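Below is one structure, written out as C-alpha cells, with a few remarks after it.
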C-alpha cells in the first residue's frame, strides 16, 4: 500500500510453454523496480498465457504425440502428470493447423485447464531463489470467472459475438464469439482490480509489457469502473543487433542464470544485479521523432557477454550503495549553523529543501510510473558510447562500427528514467557547491537519500 490508500497492482504476462529466459527476467526486474518505487510489499502478478493459439498448438502437438484425446491430454497437463521437458518440446514443435488450433482454443477458453502448470510451478520456485516476489496465475482461471467483463465495455454489442472498445479508436475484444488477446488481457486487469476493490482498496493496475494487446487492454479498461490502469513498456534481450527468440532457445534460461550466478553472487540474489542492470545499462532504441522504449532491447554480442554484464552489475550495485552512504557522510561533514551554497541560484534552491523533500516523500504513483516510461538520458559523448559498446561485448572493428552507428545513425543508446535514481543524481550534482548545512537540512537530505535507496530496492 502507498500514500493515499491506493493499491498498486503490478502485472505482466508470459506464455509458460517454455522456461523463462533472460529477456523475461529483465522484464521482471523492470516490474520489480516499479514495485519498490511504489512502496508495494505485494508480489508481482505474472499471468501465464495458457490459452490462445500458441497454447492450443502445443496441446494438439502433445495429444498427437501421446496418442490421447485433446481433453484427456489437457487433464493430464493440469494435474502435472506430463514432464516439464515434454511440455517444452510440444510448445516448440506446436501444431500450426488453423482448424485444430481453433477448436482447441475454444476448449482452453472454457477455463477448466491449466496446461502449463508444471512449468509455472517450477518457474515460481526458481524466481523466488533469484530474489523475486512473483505470484504466477493461469490466464484460464481469469477467463472462467470474468468473461462478462468484455460485455461491460460495450453492452450494446452484448451477445453478438463481436465486442469492441471505441476509446480512441476501435479495439476488438471479441471476434466471432472468441476472445482476442486484447480481450483476455483486459480480463486479467479487471480480475485483479476487482479483487482489490473487494478488499476495500483503491487499485492502480499497471501492466508491464510492450505488446499492442496490452496497450489496447489498458485503454479499454477506462470503460470500466475499476480504478485506473496504466501500461509500462518493457524491453527484451538481443544479440548482434537482433532480438533473441525465446522459442528457439537463443537467450539463457532462468535455470541457466541461476546455475551460473548462485555460486558467484553469494549472500545475495540475482535480482540485486538485475535491478542495477535495468537502472544503468543502456538499451538500443529506434529513433523516429523520439526514442521508442517499446521497441528497445538490450543488445550484446552473445550470451557470455550478457552474463559478464550481469555479474559486473552486482559489484557496481554494491559500490553504488556504498557511494550513497559516502554521500551522506560528505553532507554531514558540512553541518553548521546555517545552510548556504556557492551561488545565488543554489541558495534559492536550498531554501525550498523542506518543500522539495515533502514532495519526494509524497510523490504520486502516476509520476513514478510516468518517469519509467521515459528516457532518463541519451548517450551522446563518443567516449560514453564506446564504453557502453565495450560492456556489450563488442571489440575491434565491430565495436567501432556499432559506436559509429549509435553516434550518427537512426538508432541510439538510452537509459530508462527512474524518479528516485534521478533524485539521487540531482543531489550528487550539487553536493560540492553546498558549503554549509543546518542540522535540520542535513536530516532532510539524509532522509531523502535513504528513502530513494529504499524505493530502488536496496534495503529489501
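Observations on the structure shown:
- Residues 65, 280, 314, ranked from the fewest to the most other C-beta atoms within 10 Å, line up as 65, 280, 314.
- Every Cα-Cα pair of the range 254-455 was included, and the share exceeding 32 Å stands at 29 percent.
- Inter-part distance where the range 165-233 and the range 73-115 are each reduced to a Cα centre, Å: 25 Å
- Set against the 2.2 N^0.38 Å expectation for a compact globular protein, the range 3-238 has a Cα radius of gyration ratio of 1.00.
- Once the Cα atoms are used to define both axes, helix 303-332 deviates from the longest principal axis of the chain by about 40 degrees.
- Here the simple spin-label model places points 7 Å from the Cα toward Cβ, and for residue 443 and residue 68 these points are separated by 6.6 nm.
- Proxy reagent accessibility, fewest Cβ within 10 Å first, across 21, 84: 84, 21
- Fraction of beta bridges assigned by DSSP in the chain that are antiparallel (%, nearest 5): 45 percent
- Convex hull of Cα atoms in the range 85-221, direction-averaged projection (nm²): 10.3 nm²
- Theoretical FRET efficiency, 1/(1+(r/R0)^6), r = Cβ-Cβ of residue 362 and residue 428, R0 22 Å, to 0.05: 0.45
- Space enclosed by the convex hull of the alpha-carbon atoms of the range 253-333, per residue, Å³: 125 Å³
- Centroid-to-centroid separation of the range 437-457 and the range 404-435 [C-alpha atoms, Å]: 20 Å
- Rounded to 5, percent antiparallel among DSSP beta bridges of the range 3-238: 20 percent
- Per residue, the convex hull around the alpha carbon atoms of the chain comes to 165 Å³.
- Sorted by Cβ neighbour density within 10 Å, fewest at the top, the residues 128, 159: 159, 128
- Using alpha-carbon coordinates, inclination of helix 98-109 to the longest axis of the chain, degrees: 70 degrees
Where a number appears in this text, it was derived from the coordinates with a stated rule and is not lab data. Bear in mind that the values here come from a model prediction, so they are computed numbers and not experimental data. Reconstructed Cβ throughout: ideal geometry from the backbone, glycine too, with neighbour counts over all protein chains shown.
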